[in-house]
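Contents: one structure, followed by commentary.
The values are calculated or read from the model by the stated rules, or taken from the named source; none is laboratory data. Bear in mind that the values here come from a model prediction, so they are computed numbers and not experimental data. Because the Cβ atoms are built from the backbone with ideal geometry, glycine has one as well, and the counts that use them run over all protein chains shown.
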Amino acid sequence: MTGPLDHRDGGFDRLRRRRPAPGETAPADPLGRRALYSVAEQSPALGAVTVDCSACGVTSVVTPRALVGLAFPSLHLPVLRPGHPSWMRCPSCRRRTWVRLGLRL
């Protein structure tokens, strides 16, 4: 005798399956979980510092406090190197290279 809660017949209908059953397709989730974990282009927050790396080409956003840790030791030559004037550690590739700093006000 099988009842409404018999697990062999799939009677736990209020519990979701982790994987779709054979023959079923997974439901589309355009604005659900994928949207939470997707990377969207956003402008940096006020007071954030952007670090544009000349080696890897990535623009990273860091806090001023994190910038102090990345910039020790560093070299800044804005007159001699107008494009990427600061020699410091890139937060993305972790190499010491020439970077351009920007402050969001």
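Quick notes on this structure:
- Scanning segment 68-87 for residues that are more than 11 Å from Trp98 (Cβ to Cβ), outside any loop (DSSP other than H, G, I, E, B) and among the aliphatic types (A, V, I, L, M) yields Val68, Leu70.
- Matching residues, segment 88-99, being crowded, with 17+ Cβ neighbours inside 10 Å and part of a strand (DSSP E or B): Met88, Arg89, Trp98, Val99
- Selection count where residues are among the hydrophobic types (A, V, I, L, M, F, W, C) and either modelled with pLDDT of 90 or more or in contact with a strand residue (DSSP E or B) (Cβ under 6 Å, 6 or more places away or on another chain) (or both), scope segment 30-67: 11
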